[in-house]
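Presented below is the structure to which this report refers.
The values are calculated or read from the model by the stated rules, or taken from the named source; none is laboratory data. Please read these numbers as outputs of a predicted model, since none were measured by experiment. Cβ sites come from the backbone with ideal geometry, for glycine too, and all protein chains shown count toward neighbours. The accessibility values were calculated without ligands, DNA or RNA, using every heavy atom of the protein model including side chains. Shrake-Rupley method; radii C 1.70, N 1.55, O 1.52, S 1.80 Å.
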Amino acid sequence: MLRLMLFRHTKSDWPAGVADRERPLAPRGRKAAPIMGSYMVSTGLTPSQVLVSPARRTLETWAAACDAWASPPVTTYEEAIYEAAPEMLLDVIRRRGNGSPLMLVGHNPGLESLTARLVSSADRARLPVKFPTGGLAVIDLPAESWAAVTAGSGTLERFVTPRGVAEED
């Protein structure tokens, strides 16, 4: 059994004249990322490998989330995650996945579409209508290797958001 965690960057800002790739986190995003990192640590959702989009907002999200870890997981910055369609994200997972749990830190609409593609039809009903910023989908996959992961085979173990985590505290 493999575990995949899909973590969308937290709330980003839209400064005038800044290219999409260089958009920083908004104040709300800077507050939410450590909340999610602490949640991951406290619930045992520590990945063995993390693949992160090189966009500024994902880099800032991941750096702030890692503050909760005594020793951050192995992290690779993966160009192919930025603005990727779900097929490309699945290809990245199959090619670059090494160990489990594996985490991708990326963007919508790719993460939302990939989550819906990987989980069973019954679990799709448990997904939110949109994959909000800072959202974390945890998917268990009945496969021996990342190369063997197939669509529709996963079980949605949980889906959490910074707001939901803050409300639990």
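Given bins 5 angstrom wide, list per bin the percent of all Cα-Cα distances in segment 48-169, short to long. Using 5 Å bins, I get a P(r) of 2, 11, 20, 25, 22, 14, 5, 0 for segment 48-169. Each of ASP91 and ARG117 was given a label point 7 Å from its Cα along the Cα-to-Cβ line. The distance between the two points is 1.0 nm. Overall, segment 18-169 carries a charge dipole of about 280 debye about its Cα centre when +1 sits on the Cβ of Lys and Arg and -1 on the Cβ of Asp and Glu, all other atoms neutral. Measuring nothing but how far apart in sequence close Cα pairs (under 8 Å, 6+ apart) lie, relative to its length, the chain scores a relative contact order of 31 percent. For ASP123, the accessible surface of its heavy atoms amounts to roughly 20 Å² (probe 1.4 Å, protein chains only, rounded to the nearest 10).
For the chain, what % of the accessible area comes from carbon and sulfur atoms, probe 1.4 Å? Don't skip to the end; give the middle numbers.
On the way: 4060 of 7800 Å².
Roughly 52 percent of what the probe reaches on the chain is carbon or sulfur.
Between 0 and 90 degrees, the angle of helix 86-96 with respect to the longest Cα principal axis of the chain falls at about 80 degrees.
Placing unit charges on C-beta atoms (Lys and Arg positive, Asp and Glu negative, everything else neutral), compute the dipole magnitude of segment 115-169 about its Cα centre in debye, rounded to 20.
So the magnitude is around 320 debye.
Coordinate range of the alpha-carbon atoms in segment 2-93 per principal axis, descending: 40, 32, 17 Å. A dipole drawn for segment 18-140 from +1 and -1 charges on Cβ atoms has a positive end, and of SER120, THR43, PRO101 the residue lying farthest that way is THR43.
Viscosity 1.306 mPa s, temperature 10 °C: Stokes-Einstein D of segment 1-47 from its Kirkwood Cα radius, in µm² per second? Present the calculation step by step, with values, prior to reporting the outcome.
Working: Rh = 12.4 Å.
Once the numbers are plugged in, D ends up at 128 µm²/s.
Classified by the C-alpha gyration tensor, segment 62-109 has an oblate form. Its axis ratio a/c, with a ≥ b ≥ c, is 1.5 or above, and a/b does not exceed b/c.
For the chain, the longest principal axis of the alpha carbon atoms and the long axis of helix 56-66 meet at an angle near 80°.
The calculated pair-distance distribution of segment 107-161 uses every alpha carbon pair, bins of 10 angstrom beginning at 0, and gives 25, 57, 18, 0 percent.
So what's the back-of-envelope 222 nm ellipticity for the chain, counting only DSSP H runs of four-plus at -39500 (n - 2.57) apiece and dividing by all residues, rounded to 500? If you can, show how the numbers build up before the last one.
Details: 6 runs with 58 residues, N = 169.
After summing the helix terms and dividing by residue count, I get -10000 deg cm²/dmol.
Taking the Cα centre of segment 1-49 as reference, the dipole from Cβ charges on Lys and Arg (+1) and Asp and Glu (-1) amounts to some 120 debye. Between the helical axis of 27-42 and the longest alpha-carbon principal axis of the chain there is an angle of about 40 degrees.
Using a simple spin-label model with pseudo-atoms 7 Å out from Cα toward Cβ, GLU83 and GLU22 lie 1.5 nm apart. DSSP beta bridges fully contained in the chain are about 45 percent antiparallel.
Surface exposure of segment 55-169, expressed per residue as accessible area with a 1.4 Å probe, stands at 47 Å².
Could you give the distance between the Cα centres of segment 17-69 and segment 141-169, to the whole Å? Between the Cα centres of segment 17-69 and segment 141-169 lies a distance of 17 Å. With the simple spin-label model, which puts each label point 7 Å out from Cα in the Cβ direction, the ARG30 to LEU127 separation comes to 3.3 nm.
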